[in-house]
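Here, each number is a calculation from the coordinates, and none is a lab measurement. Here the structure is a predicted model, which means the values were calculated and not measured. So basically every Cβ, Gly included, is an ideal-geometry build from the backbone, and we count neighbours across all protein chains shown.
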Amino acid sequence: MSSTLLDDPTAHTLRAGDLEAVFLPAHGMLGASLCHRGVEMLRRVDDLGVAAKKGSTAGIPLLHPWANRLASPRYRIAGREGELDPKSPLLHLDENGLPIHGVPWPSLAWEVSEATRDRLAAHLEWTRNDLLAVFPFRHRIEITASLRPDSLTLETALIAGKDDAVPVSFGFHPYFGLPQIPRAEWRLELPAMRRLVLDRRGIPTGVEEPFARLDAALGDRDFDDGFVVDGEDATFSIAGGGWKVAVELLRGYRYAQVFAPRDKDLIALEPMTAPTDALSSGRGIELLKPGGRFAAAFRIRVLREASRGSVD
């Protein structure tokens, strides 16, 4: 992996059994690697330095204070207005000029509060003036990463400031791929959900439609779809070549995005606490009372074929 960011002295490596994970607290608490016996399961981690300069997502990034897009650089929620400067270095814009994925991970330095062989906890205080110009709600956000021999669990807590109600609309954008097997042969399993109908910019229209459970080869399918998840224990997975990678929603994530561009050997299975554009539309968003705490968690399970014809 050609990235000097992995050589940063603040990089922290977790180890448990056959799994190894690397996080970068000084660079957005980015999940920069997840390896099983040296086989990388994450994607878009080949050159993190380039991604950092572009403000692009990579590996396992937190999307905060909003996941996915906003329909406009202006939003009003919880009695406050946000007016985003498209030229701000704290914003990344999509092909339509819409703010996407909150403040880019390279711009957020986290402080480590606990670091052991298989556990890392860090926090970020949202009190800087430049951050408040993007999202005018004082709060603290915490991430705890725990590694086990077959899984990585990410627990996230948002704690509202004593004077502010805080909209909750964060998410994660983990990129995955399976080694030595063509994308078309990856078997994708998605639960039954409700699909959010999107306009041409990728913004929800307010209409939902049924989405039946899927268990099939990815083939030439192309996904960039948002969903309402029924229940908090849904599982999304890809499998093939004796490997299986599953994202298990444990609590707090009622929405999800599936991103699998036809021309890329990757897929993103994205837990979200609110739908795309929730800061603008107000749909599906939770307002955390002053001093309140919101907790969410998901697990990435990595399974290797234990015997011929079976995946443990």
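Quick notes on this one:
- Which numbered condition residue 25 fails, given (1) free of Cβ contacts under 8 Å to residues at least 24 places away in the same chain; (2) within 17 Å of residue 121 (Cα to Cα): (1)
- In region 167-188, the residues that are of a type outside the set (Ser, Thr, Tyr), in a strand (DSSP E or B) and in contact with a Gly (Cβ under 8 Å, 6 or more places away or on another chain): 187
- Scanning region 261-287 for residues that are of a type outside the set (Asp, Glu), under 14 Å from the mean Cα position of the chain (by Cα), over 19 Å from residue 199 (Cβ atoms) and assigned to a strand (DSSP E or B) returns 267, 268, 269, 271.
- Residue in region 267-290 that is among the polar types (S, T, N, Q), more than 25 Å from residue 136 (Cβ to Cβ) and crowded, with 19+ Cβ neighbours inside 10 Å present: no
- Hits in region 188-227 - residues which are β-branched (Val, Ile, Thr) and either surrounded by fewer than 18 Cβ atoms within 10 Å (Cβ to Cβ) or in contact with a Leu (Cβ under 6 Å, 6 or more places away or on another chain) (or both): 197, 205, 207
- Test: residue in region 104-126 that is among the basic types (Lys, Arg) and assigned to a strand (DSSP E or B): yes
- Those strands (runs of 3 or more DSSP E) of region 189-245 in which 1 or more residues are β-branched (Val, Ile, Thr) and farther than 30 Å from residue 38 by Cβ occupy 193-198, 204-211, 223-229.
- Scanning region 71-92 for residues that are in a strand (DSSP E or B) and either within 22 Å of residue 198 (Cα to Cα) or of a type in the set (Phe, Trp, Tyr) (or both) yields 74, 75, 76, 77.
- Considered as a group, the residues in region 93-103 that are closer than 22 Å to residue 157 by Cβ and assigned to a loop (DSSP other than H, G, I, E, B) include one that is farthest from the chain's Cα centre (by Cα), and that residue is 103.
- Screening residue 111 on (1) surrounded by fewer than 23 Cβ atoms within 10 Å (Cβ to Cβ); (2) in contact (Cβ under 8 Å) with a residue 40 or more places away in the chain; (3) under 17 Å from the mean Cα position of the chain (by Cα) shows it passes everything except condition (3).
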